[in-house]
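Asker: Dumping the structure here so I can ask a few things about it.
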Amino acid sequence: MRPMIYIINRQVHVVSTPSIYLANGMMKGGSMQENNQDNFKEFVRQQFAALNDNLCYLVKSLDFTMQRIAAIEKSMNIKVVTPSEVNAKNLEEMILKA
């Protein structure tokens, strides 16, 4: 029996899968569309909704963090450069010295 994963309040809970949910489902080669068990379909929808909520929370947190980092870089006059920009600058300096 495969475990089920519940996401409740941003915490993951793994429990064994009740066989009632899988009787006509994917274990026997069926599909979600052919499954007539509305409670299983609703369970899957709820899991996707919970996953969506968690992803929205993470994206909002990441967006806030990126804005905060940009504000810190601006206030402290920090310039972030990529490795290719560093290589170009070093190459320029080598040419000027030669």
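The values are calculated or read from the model by the stated rules, or taken from the named source; none is laboratory data. A quick note: this is a predicted structure, and the numbers were derived from the prediction, not measured. Positions of Cβ are backbone-derived with ideal geometry, glycine not excepted, and every protein chain shown enters the neighbour counts.
Asker: Just give me the residues in the range 53-98 being of a type in the set (K, R) and surrounded by 10 or more Cβ atoms within 10 Å (Cβ to Cβ), in sequence order.
Answerer: Result: K60, R68, K89.
Asker: Having 2 or more residues that are among the polar types (S, T, N, Q) and either out of contact with any Lys or Arg (no Cβ under 9 Å at 6 or more places or on another chain) or modelled with pLDDT under 90 (or both) is the bar; report the helices (runs of 4 or more DSSP H) wholly within the range 12-98 that clear it.
Answerer: Answer list for the range 12-98: 38-75, 83-97.
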